[in-house]
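What follows is a set of notes on a single structure, which appears directly below.
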Amino acid sequence: MTLARTIGFIASLAVAILFIFLWHLVTLYKLVPPVFLPPPMKTYDALVQGLASGPLLKASLATLQRMLLGWLLACVAGVGIGALVGTSPVLMRYLGPTLEAFRPIPASALIPVLIAIVGLSEGMILSVIAFGALWPMLLATIHGLQSVEPLLYDVAGALRMNMATIISKIGLPSAVPDILAAMRLSLTIALILATVCEMLSGNTGLGQWLLYSARQFSSANLFAGILILGVFGYLTNALMTVAERHLLRWKSPHEANRAGIA
Amino acid sequence: MTAPAGPTRPFDWRPLAVPLALITAWELAMVLGPATTSETLAAPHAVLVGFFTIVADGTLLTATAQTLGAALGGLAAAVAIGLVLGLVLGLSALIDMLLEVSIEAIRPVPSIALVPLAMMIYGFGYRMEMSIIAFTAMWPVMILTRTAIRDLEPRLLEVAKALRMSFSDKVMKIMLPAIAPRVFVALRLAAGVALVVAITVEIASNPQGLGAAMILAQQTFHPELTLAILIWIGLLGYGINHALLYLQRRLFAFGTGSEVSHDAR
């Protein structure tokens, strides 16, 4: 079984390499204008040069840092507020529907409003990322806590647990699958928001790098930037999958699987 | 938890208390406070007036039509591509295996990364926006279609075999009707993605639609319009999702796609 998987993976990799070769042929015979599609080798050169000589590396690190910082802020705020609201029937009554009303608003639509209020500084970018990435986790934490088996709360009452213990020992562990799925979504939102803010503000980062490369019609640099953003997307997703597998190993495979899809 | 569950339950005003209090406080602060003519924030009444102004002069309608038009065009392409790819990958385990690395390498590219590229190829306008929407919204359709095909009841396929159906008949008469409920769920997810991506692209660069209208209002110091459009976008997203949920329940009595898959097992 594992041998078949390995052979399959190698074959799949070969197909991907074949696609890159096709890309090479397309650019070689100029089937697509080279302004739009650089040859693979040129993209690779742009990637290596940009990373080695600094500017692309600097932009990538700036975007990565913004994304992660904003996301971490969102995690703390989202799970924190969510835990407060989700465990308090009073707060839930008063705040639940209001918080739910924010769900259909796209995170990026908050950017113009926040620009007007806090400006286009570095702090604004972080606050936009944090604010935009916060909602999935906030709502997932509330939802996760609301769907805890009520019997568990009775047990906690019988054991005379205090509120903090109930939240940390019963509530949050039950909500973990929901929270993890939301964290994955929030990471994607954080990456997109970081890039959009860099495009709008001109602060150093991959968003600004992409826009600048496109304006210069430097497709090799543009593709190098897109490639790095793709790698960021892939790595964050892979890390979340590992985290989910590790943190949800106590769940039955079926349930853990479902949480991953939700 | 202690609310009476009788049929004559009084109207629950509690969810409205906090928003109403906040709006009142905000209104009072803006009207009485020093920031009466603010360039960054607007009082709730100004937002309401601003909303009716852009409804009356037609700008909101134009921008909404542009955003929804781009979202719909991109969504149509996404569903077409996603459905075909999902069918192929679901039907052939070999092709699925061979394309795995290529697809997993392209899929994580964030939509926004393609904005400058699409701008370079198409310039501003519908085509660049729709191409990015199509790229982003096709993945959920592809994945859900593939899973739906995999989860098909084997007996259905045996029936097709027994009836000596042609391949196209098998796809059109057996498979597509069987996976329709789950494809509809995918369509609903993709529609949400399409609207979000449309607005994001408009905010990032494309000078049309609701996103660009928000940016314009912000740059010309009309915070009341920025907020009015923001709320409108929220209502639009809510309305579209609930309309599709309603349709889903009407069309497919099972409810959600996950229930269908459980039934099939």
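The values are calculated or read from the model by the stated rules, or taken from the named source; none is laboratory data. Here the structure is a predicted model, which is why all the values come from computation and not from measurement. A quick note on method: Cβ atoms are made from the backbone with ideal geometry, for glycine too, and the neighbour counts reach across all protein chains shown. The accessibility values were calculated without ligands, DNA or RNA, using every heavy atom of the protein model including side chains. Shrake-Rupley method; radii C 1.70, N 1.55, O 1.52, S 1.80 Å.
Figures for the structure shown
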| quantity | calculated |
| --- | --- |
| Euclidean distance of C-alpha centroids, region B:52-81 and region A:17-64, integer Å | 34 |
| Lysines with Cα under 22 Å of residue B:161, excluding same-chain neighbours fewer than 8 positions away | B:170, B:173 |
| Angle between chain A longest axis and helix A:55-87 axis [Cα atoms, degrees, rounded to 10] | 20 |
| Peptides A:40-46, A:208-214, B:67-73 ordered by average Cβ neighbours within 10 Å, highest first | A:208-214, B:67-73, A:40-46 |
| Complex-versus-alone comparison for region A:114-155, residues with a loss of 20 Å² or more in accessible area, probe 1.4 Å | A:115, A:116, A:117 |
| 0 to 90° range, to nearest 10: angle between helix A:89-100 axis and chain A longest Cα axis | 20 |
| Loop-exposed chymotrypsin sites (Phe, Trp or Tyr not before Pro) per DSSP, neighbour cap 11 Cβ within 10 angstrom, longest uninterrupted part of chain B | B:14-265 |
| Threshold 50 Å² - residues in region A:212-237 whose accessible area is reduced by that much or more when the chain is no longer isolated, probe 1.4 Å | A:226 |
| Chain B: calculated mean residue ellipticity at 222 nm from DSSP helix runs of at least 4, using -39500 (n - 2.57) | -25500 deg cm²/dmol |
| Selection from B:198, B:218, B:81, by position along the positive dipole direction of region B:43-264 (Cβ) | B:81 |
| Inter-chain Cβ neighbour average for residues B:112-125, partner chain, 10 Å | 6 |
| Protein accessible area in chain A, 1.4 Å probe - carbon and sulfur % | 72 |
| Peptide B:193-206, shielding by other chains (average Cβ, 10 Å cutoff) | 4 |
| Å² of accessible area per residue within region B:43-264, as computed with a 1.4 Å probe and no ligands counted | 46 |
| Straight-distance crosslink candidates among lysines, where the alpha carbon sits under 21 Å from residue A:42 and sequence neighbours closer than 8 are dropped | A:30, A:58 |
| Å² of accessible area per residue within chain A, as computed with a 1.4 Å probe and no ligands counted | 52 |
| Peptide-level mean, for B:25-31, of C-beta atoms on other protein chains within 10 Å | 0 |
| Summed residue charge, Cβ within 9 Å of residue A:234's Cβ, Lys/Arg positive, Asp/Glu negative | 0 |
| Cα-based shape type of chain B, given that a ≥ b ≥ c are square roots of the gyration tensor eigenvalues and the cut on a/c is 1.5 | oblate |
| Order by protection proxy (mean Cβ within 10 Å, highest first), peptides A:18-29, A:234-245 | A:234-245, A:18-29 |
| Farthest toward positive dipole pole in region A:117-262 [+1 Lys/Arg, -1 Asp/Glu at C-beta], among A:207, A:220, A:195 | A:220 |
| Qualifying aspartates and glutamates (Cα of each under 19 Å from Cα of residue A:169; at least 8 residues distant if same chain) | A:149, A:154, A:178, A:244 |
| Magnitude of the charge dipole, region A:35-261, Cβ model with Lys/Arg +1 and Asp/Glu -1, debye to 20 | 160 |
| Kyte-Doolittle mean at least -1.0, axial Cα span of 24 Å or more - DSSP H helices of chain B | B:14-32, B:59-91, B:126-150, B:176-204, B:223-251 |
| Theoretical ellipticity at 222 nm over chain A - DSSP helices of four or more residues, -39500 (n - 2.57) apiece, nearest 500 | -27000 deg cm²/dmol |
| Interface burial for A against B (accessible surface, 1.4 Å probe, total of both chains, Å², rounded to 100) | 4100 |
| Three-way shape label, chain A, alpha-carbon gyration tensor, a/c 1.5 | oblate |
| Crossing angle, helix A:219-247 versus chain A [Cα axis fit, 0-90 degrees, rounded to tens] | 30 |
